[in-house]
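Written below as structure tokens is the structure these notes are about.
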Amino acid sequence: MSRGPVYVVGDVHGHLDRLVAGLGDAGLLTPEAAWAGGDSTLWFIGDLFDRGPDGILALDLVMRLEREAADSGGAVRMLLGNHEVLILSVHRFYKPPTEDVGIAFVLDWMLNGGRPSDLAGLGPEHVEWLCERPCLALEGDALLVHADSTFYTRYGRSVEEVNERVRSILRSDDARAWGQLLSDFTERHAFDDGSPSGRMRAESFLRTFGGRRLVHGHTPIPGVTGAPPETVRRPHVYANGLCVNVDGGMYLGGPGFVYRLPGCG
Ligand SMILES: [Mn+2]
């Protein structure tokens, strides 16, 4: 287990160039894009795919950095976002020229910015790797989660239970369960400050899964705060400090950022 600093990157959505630039600025990549993070841990919060041009290249980078970081005592990890589940659903169920249940998954994916070039580049090694990613993770006192939603509690009452339940769906041909997971993953804003219930939901979520703070992506900060995307260079902390949104809105034109978790390393 790495003891170094811990960093979190939000929703990349195919913007490889900005990802590489941000990781380089944070000292985690060499100019040749090799791992320079030593014993650091780097988490991706999910949603590498769709909307932007280079989802597969972003995934290839993450998978390569996972190996390189492990070799130098660090770690690179990634949570599943809804866009990973979207492209995996199309890969599993769309079998042209048969027009069956797969069409519904294709439509959902296309409506959410799916890129045919990503699907064409998705190989068995990518599918295998993605299907093993967790939905939830505890890192120090931070609970990492892709979506600002409580839907995870419908899949289990512990980090391990949720991760195992979702893995079992991703290994199955149960189109109804896949569809339900994708539908659940569209939820957002569960912890918003606007009403007292947002903070109470965050407290309850943390009581269930552990951690003292919840770090999530999924909902672009510019859409929450009204800040112009190109100016967003740090997380949005809300719900009395219980929630940290790291989705800088890269697909909206944001530069993205690398967030160092306080209290780690
Ligand atoms: Mn998302």
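The values are calculated or read from the model by the stated rules, or taken from the named source; none is laboratory data. Remember, it's a predicted structure, so these values are computed and weren't measured experimentally. Glycine gets a Cβ as well: all are built from the backbone with ideal geometry, and neighbour counts include every protein chain shown. Quick note on the areas: whole protein, heavy atoms, side chains included, nothing else; ligands and nucleic acids left out. Shrake-Rupley method; radii C 1.70, N 1.55, O 1.52, S 1.80 Å.
Filtering region 192-219 to residues that are in a loop (DSSP other than H, G, I, E, B), more than 16 Å from the ligand (Cβ to nearest atom) and under 22 Å from Gly156 (Cβ atoms) leaves Gly210, Gly211, Arg212. Using beta carbons and a limit of 8 Å, which pairs, at least six apart or on different chains, have the first residue in region 61-87 and touching a residue at least 40 places away in the same chain (Cβ under 8 Å) and the second one part of a helix (DSSP H, G or I) and within 12 Å of the ligand (Cβ to nearest atom)? As it stands, the answer is Asn82/Leu182; Val85/Leu182; Leu86/Leu182, since those pairs meet every condition given. Quick check on region 21-41. Is at least one of its residues at pLDDT 95 or above and closer than 15 Å to His126 by Cβ? No, region 21-41 has no match at all.
Look at Pro222 and say whether it is within 26 Å of Asp17 (Cβ to Cβ) and part of a helix (DSSP H, G or I). Yes. Which residues, taken from region 179-191, are more than 16 Å from the ligand (Cβ to nearest atom) and open to solvent by less than 50 Å² (accessible area, probe 1.4 Å)? Selection gives Gly179 alone. The set of residues in region 25-54 that are in a loop (DSSP other than H, G, I, E, B), open to solvent by less than 30 Å² (accessible area, probe 1.4 Å) and within 16 Å of the ligand (Cβ to nearest atom) comprises Ile45, Gly46, Asp47, Leu48, Phe49, Asp50, Gly52.
Would you check which residues across region 6-24 are among the acidic types (Asp, Glu) and away from the ligand (no atom under 16 Å from the Cβ) and list them?
Asp17
Scanning region 76-95 for residues that are open to solvent by 10 Å² or more (accessible area, probe 1.4 Å) and either more than 10 Å from the ligand (Cβ to nearest atom) or of a type in the set (Lys, Arg) (or both) yields Arg77, His91, Arg92, Phe93, Tyr94, Lys95.
The numbered conditions (1) small (Gly, Ala, Ser); (2) touching a Ser or Thr at 6+ places or on another chain (Cβ under 6 Å); (3) within 16 Å of the ligand (Cβ to nearest atom) are all true for Ala147 except (2). Would you confirm, using the coordinates I've provided, whether Arg176 is open to solvent by 10 Å² or more (accessible area, probe 1.4 Å), among the charged types (D, E, K, R), within 25 Å of Leu86 (Cβ to Cβ) and within 15 Å of the ligand (Cβ to nearest atom)? So Arg176 fails the test.
Confirm whether Glu66 is open to solvent by 30 Å² or more (accessible area, probe 1.4 Å), outside any loop (DSSP other than H, G, I, E, B) and farther than 24 Å from Asp148 by Cα. Considered against the rule, which asks whether it is open to solvent by 30 Å² or more (accessible area, probe 1.4 Å), outside any loop (DSSP other than H, G, I, E, B) and farther than 24 Å from Asp148 by Cα, Glu66 comes out as yes. Candidates are the residues of region 127-144 that are over 23 Å from Arg3 (Cβ atoms) and open to solvent by less than 10 Å² (accessible area, probe 1.4 Å); the one that is nearest to the ligand (Cβ to nearest atom) is Cys135. When Glu187 is tested against (1) more than 17 Å from Asp50 (Cβ to Cβ); (2) not in a loop (DSSP other than H, G, I, E, B), just one condition goes unmet, and that condition is (2).
Rundown of residues vs (1) under 24 Å from Ala142 (Cα atoms); (2) over 20 Å from the mean Cα position of the chain (by Cα), yes/no style:
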position: Gly4; (1), (2): yes, yes
position: Val8; (1), (2): yes, no
position: Glu32; (1), (2): no, yes
position: Ala58; (1), (2): no, no
position: Arg64; (1), (2): no, no
position: Asp71; (1), (2): no, yes
position: Gly74; (1), (2): yes, no
position: Val85; (1), (2): yes, no
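Among the residues of region 197-223, those identified as open to solvent by 60 Å² or more (accessible area, probe 1.4 Å), closer than 26 Å to Pro134 by Cα and not basic (Lys, Arg) are Met200, Glu203.
Per-residue answers, yes or no, for (1) closer than 16 Å to Val9 by Cα; (2) at pLDDT 95 or above:
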position: Ile56; (1), (2): no, yes
position: Met63; (1), (2): yes, yes
position: Glu66; (1), (2): yes, yes
position: Gly73; (1), (2): no, yes
position: Glu84; (1), (2): yes, yes
position: Lys95; (1), (2): no, no
